[in-house]
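Inspection log for the structure reproduced underneath, given as structure tokens.
Read-outs: derived from the displayed coordinates by stated rules, not from any lab. Here the structure is a predicted model, which is why all the values come from computation and not from measurement. Note: ideal-geometry Cβ built from the backbone for every residue, glycine included; neighbour counts use all protein chains shown.
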Amino acid sequence: MIRLGNLNDLDNIMKVITQAQKRMKDASMTQWQNNYPNLEILTQDIKEKALFVYEDNEQIVGTMSVFSYDSVYDSIKGDWLNNNPYKVIHRIAISDSHINQHLTEEMINFIFSYFLINDIRIDTHPLNKPMLKSLERQGFLYCGIVHVNTDSDSLRFAYHKHI
């Protein structure tokens, strides 16, 4: 089940984030290695009703934050598929116990139907092979490069899916 996260979920959300950070570090990625995302950011996402959790047997095993706009995406080195209204997914993470179960696909499809939208944009670090494979498997198209302001290693591959 996917639902909006609440402040009571924060400890369990952080467990999922911490596991994802460790997997990234073990894979020699710099992404999420600078105290990002942290409790303060996730708390703000919850207050903005932007953070969703994936529950399995009443246990949080996935998380993502969804927004209607990201100014970083205004400066793409490349081209988006269109200029339609879109949702942006950030801070998507799956627990160690649920990787390779296509939860990111379920979560992304949920966003299309929940918001009744046709376009999602997302970015990831060039070395984040699991996410790159997941996005390509789901039909996201590579659109170019953006630079995020959450990491000193700011280069990200930008993807867009239109249905």
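Out of the residues in the range 46-68 that are out of contact with any strand residue (DSSP E or B) (no Cβ under 7 Å at 6 or more places or on another chain) and assigned to a loop (DSSP other than H, G, I, E, B), which is nearest to ARG121 (Cα to Cα)? Per the criteria, the residue is GLU48.
Checking each residue in the range 97-108 for being β-branched (Val, Ile, Thr) and surrounded by fewer than 18 Cβ atoms within 10 Å (Cβ to Cβ) picks out only ILE99.
Against the list (1) farther than 23 Å from LEU132 by Cβ; (2) more than 15 Å from the chain's Cα centre (by Cα); (3) touching a residue at least 24 places away in the same chain (Cβ under 8 Å), the condition LEU4 fails is (2). If the condition is being of a type in the set (Gly, Ala, Ser), outside any strand (DSSP E or B) and out of contact with any helix residue (DSSP H, G or I) (no Cβ under 8 Å at 6 or more places or on another chain), then the range 75-125 contributes SER75, SER97, SER113. The residues of the range 126-163 that are closer than 16 Å to HIS102 by Cβ, assigned to a loop (DSSP other than H, G, I, E, B) and not aromatic (Phe, Trp, Tyr), listed by number, are GLN138, GLY139.
Yes/no per residue for (1) crowded, with 20+ Cβ neighbours inside 10 Å; (2) over 23 Å from GLN21 (Cβ atoms); (3) under 16 Å from the mean Cα position of the chain (by Cα):
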position	(1), (2), (3)
GLN44	no, no, yes
VAL53	yes, no, yes
MET64	yes, no, yes
SER68	no, yes, yes
SER75	no, yes, no
LEU81	no, yes, no
SER95	yes, no, yes
PHE112	no, yes, yes
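Of the listed requirements (1) crowded, with 16+ Cβ neighbours inside 10 Å; (2) within 15 Å of the chain's Cα centre (by Cα), LYS133 misses just one: (1).
Conditions (1) touching a Leu at 6+ places or on another chain (Cβ under 9 Å); (2) closer than 24 Å to ARG3 by Cβ; (3) among the small types (Gly, Ala, Ser), marked per residue:
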position	(1), (2), (3)
GLU105	no, yes, no
PHE115	no, yes, no
ASN118	no, yes, no
ASN128	no, no, no
MET131	no, yes, no
ARG137	no, no, no
TYR142	yes, no, no
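Looking at (1) farther than 25 Å from ASN100 by Cβ; (2) loosely packed, with under 12 Cβ neighbours inside 10 Å, which one does GLU58 not meet, given that it meets all the others? Single failed check for GLU58: (1).
Yes or no: MET14 surrounded by 14 or more Cβ atoms within 10 Å (Cβ to Cβ) and aliphatic (A, V, I, L, M)? Yes.
Yes or no: the range 116-125 includes at least one residue that is touching a Cys at 6+ places or on another chain (Cβ under 7 Å), within 22 Å of PHE157 (Cβ to Cβ) and in contact (Cβ under 8 Å) with a residue 40 or more places away in the chain. Reasoning before the result, please.
Filtering the range 116-125 down to residues touching a Cys at 6+ places or on another chain (Cβ under 7 Å) leaves none.
No, every residue in the range 116-125 fails to be touching a Cys at 6+ places or on another chain (Cβ under 7 Å), within 22 Å of PHE157 (Cβ to Cβ) and in contact (Cβ under 8 Å) with a residue 40 or more places away in the chain.
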